[in-house]
Amino acid sequence: MICEKCGEQAAVHTHHLFSQTRTNRRLYKALLDDPRNTQKLCYACHMGHNGRVDHISEREFCERLGIAVRSKSGKL
C-alpha cells in the first residue's frame with residue numbers, strides 16, 4: 001500500500017486522525033480504529049518530516065462516524 005499523504009513511499013504506519021489518547025480510548029473504544037479515522041502513512045509522513053501530520057477534532061470525528069459527541073465539553 002502507498003502512503004495516503006505523499007503518494008510516493010510505502011505505507012508502514014496507521015495514523016489516527018482523532019488521537020487515541022487514554023481519554024479518547026475510554027470514550028470511543030474501538031471506534032477510534034474505524035477506517036474513517038485512520039490514514040495509511042509512510043514513516044516520513046507519520047513522523048511529520050513531510051509537513052504537518054493531520055488531526056481532526058472530536059466533533060469532526062463524531063460527524064465522520066455519525067455518532068454523538070461523548071465528552072462533556074465536546075472539545076477533545
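Numbers for the structure displayed
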item: Thr23 accessible area, assembled protein chains, probe 1.4 Å, Å²; result: 60 Å²
item: Heavy atoms of Leu31: accessible area, 1.4 Å probe, square angstrom to 10; result: 50 Å²
item: For segment 24-35, 3J(HN,Hα) per residue [Karplus equation, 6.51 cos²θ - 1.76 cosθ + 1.60, θ = phi - 60°, Hz, x = Gly/Pro]; result: 5, 4, 5, 7, 10, 6, 5, 4, 4, 8, 4, x
item: Fully extended contour minus Cα-Cα distance, from Tyr43 to Ser71, at 0.36 nm per residue; result: 6.9 nm
item: Accessible surface, 1.4 Å probe, highest first, among residues Val53, Val12, Val69; result: Val12, Val69, Val53
item: Backbone HN-Hα couplings from phi across segment 61-73 [Karplus 6.51/-1.76/1.60, Hz, Gly and Pro as x]; result: 4, 5, 5, 4, 8, x, 10, 7, 5, 9, 7, 5, 8
item: Read-out semi-axes √(5λ) of the Cα gyration tensor in Å, derived from the coordinates shown; its label in (i) 22, 13, 9; (ii) 25, 11, 10; (iii) 28, 16, 9; result: (ii)
item: Heavy atoms of Lys29 accessible to a 1.4 Å probe, total area in Å² rounded to 10; result: 130 Å²
item: Surface share of carbon and sulfur [accessible, 1.4 angstrom probe, percent] for segment 1-50; result: 52 percent
item: Residue-normalised accessible area of the chain, expressed per residue, 1.4 Å probe, Å²; result: 65 Å²
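The values are calculated or read from the model by the stated rules, or taken from the named source; none is laboratory data. Everything numeric here is computed off the predicted structure, so don't read it as measured data. Accessible surface is based on the protein model in full, side chains and every heavy atom, while ligands, DNA and RNA are left aside. Shrake-Rupley method; radii C 1.70, N 1.55, O 1.52, S 1.80 Å.
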